[in-house]
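Encoded as structure tokens, the structure appears first; notes follow it.
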Amino acid sequence: MRAAPLFTRLGLSLAALGAALIAAELAVERWFPVGGAVYRLDAELLHDARPDAARIQPMPRARVGPGDAARVLVTTGPEGMRGRGLDRSGQRPRVLVIGDSLVMAENVPIDSTFVRQLTRALEEELDLPAWSLEGVNAGRSGYGPDQSLLLLERCAREIQPSLVVFVLCAHNDLGDLARNRLFALEGEELVRRSPGVAPRIEVWFREVERAASQPALLRLFDALRAGGPVEDEFPGDPVPLYLAALRQQWEDARAGRPVDSLFEDIHDVDVALGMDVSGGAKVALLTGIARRALSAERSHASLGLERAAPVHFVVVPSAVDVCRRFGITVDPAIHPGYDPEALAAAHVGALRLAGAERVHDLDPPLRALEEPGDLFVGGTDIHWNARGQRWAARLVARQIAADPLTRARLLPDPPSDR
């Protein structure tokens, strides 16, 4: 007769343990989704962000400053944009910011991102109440300008932006055009290509998805066992490795091979050395892409836009080229042809040739700073830290707000006399 109470207590204990595990699983999945998957393969864009996804991005603790975090929660809304999702009230003008990992900014909390900081800074510049504008973060880690263009064309109708901010990373964006092989030029006309991805890329995504489908507690245990990220430097001369990789990219592009990398950031040192391995084809491709992106303001109906949206291009120079002390360096004593301003200048030149009027080149103001390296994560990480996101956002906001057409699109319509 004594066994019954014992079994009852044991059952209650197991039930309580099970309930606690379920509660812990749900809590970890919601608030600390380590090992989550944010990206998936996409037939048109090569890869795209998943809707309603979440993951934790760990950062080296030694690199964490004000506004940064050692563990960053990265979430996407129903549309796949970073954050909670679009405001469906339609009451606020939308600032669509498009680009690569500089825009997605998975290394900082969402309130520290360039997009969030830019939107708040624009409100201050235009003397608008807080939260009068809606910033839409359409950044995608690993994207080149070609993918950003295609994403703009895909989402413009739904978002109906009042302003488009197209961010270019003058570190690897030119090489990305060769890597992705999504466009080719026939004369001055952009021709769409469908290269597909190599089998190893498909395998990698399946492995990521399988790992992300495991219980959250198990993923947390694996992450704790693996430890945190370590700071990294690149000893020696990186130029031979970069040049070899860039030549291989271009050879693969010319041969029409499937894309075999999506997230690697290879410094476009060939352009910085004045020896573009593509013979200028990558810069010409960027011109064609910029010209087509300008349709948001010149032929907005082609994108399904109800009103023209001014397009502002932001050129962000490579930390390799502007920082005096960085984990990757190009030694001018070894490479006398190296021009640290050439890469950003090539991007600006391509935009001007495309007819872009609203170009914000961050290279000169960064070089004017006493220590621009303070605005980047550092090591071999070329991204802005929270301080850099805020600095860039405020500078660009001042320049954007000075444009009359943009002001007209973002300010509320004056009350009618009737």
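Each value in this text was obtained by applying a stated rule to the coordinates, not by laboratory testing. What you see is a predicted model, and the numbers here were worked out from it, not measured in a lab. Here Cβ is always computed from backbone atoms with ideal geometry, including for glycine, and neighbour counts include all displayed protein chains.
Observations on the structure shown:
- Tensor-based shape of the range 253-305 (alpha-carbon gyration tensor, a/c under 1.5 rounded, otherwise prolate or oblate): prolate
- One decimal place: the segment ARG307-ALA198 gains 35.3 nm when fully extended, by the rule 0.36 nm per residue minus the C-alpha distance.
- Distance between modelled label sites at GLU371 and ALA70, nm, 7 Å Cα→Cβ extension: 2.3 nm
- Overall Cα dimensions of the range 97-191 - principal axes, largest extent first, Å: 48, 29, 21
- Likely footprinting exposure, ILE334, ILE328, ILE98, ILE110, fewest C-beta neighbours within 10 Å first: ILE334, ILE110, ILE328, ILE98
- Inter-label distance, nm, simple model (7 Å from Cα along the C-beta direction), GLU233/ASP42: 3.8 nm
- Spin-label proximity, GLU188 to the range 340-373 - amide N less than 20 Å from point 7 Å beyond Cα toward beta carbon: 346-359
- Our estimate of slack between ALA255 and ASP111, defined as 0.36 nm per intervening residue step minus the Cα-Cα distance, is 47.5 nm.
- Sequence-separation-based contact order of the chain, relative, with Cα cut under 8 Å and 6+ spacing, percent: 19 percent
- Here the range 56-81 is scanned for amide nitrogen atoms under 19 Å from the site 7 Å beyond the Cα of TRP31 along Cα-to-Cβ, giving 56-58, 69-76.
- The range 270-418 - percent relative contact order, Cα under 8 Å, separation 6 or more: 26 percent
- Rounded to 5, the percent of DSSP beta bridges in the chain classed as antiparallel: 45 percent
- The modelled label-to-label distance for the pair ASP403/LEU218, using points 7 Å beyond Cα in the direction of Cβ, is 5.0 nm.
- Compared with the dominant principal axis of the Cα atoms in the chain, helix 281-293 is inclined by about 80°.
- Per-residue Cβ neighbour rank within 10 angstrom, fewest leading, ARG157, ARG63: ARG157, ARG63
- Volume of the Cα convex hull of the range 20-131, divided per residue and given in Å³: 161 Å³
- Between helix 216-226 and the chain: long-axis angle, C-alpha atoms, 0 to 90°, nearest 10: 70 degrees
- Normalising the average separation of contacting C-alpha pairs (under 8 angstrom, six or more residues apart) by the number of residues puts the relative contact order of the range 340-410 at 19 percent.
- Cβ-based exposure ranking for GLU106, GLU209, in which fewest neighbours within 10 Å come first: GLU209, GLU106
- Between helix 239-255 and the chain: long-axis angle, C-alpha atoms, 0 to 90°, nearest 10: 80 degrees
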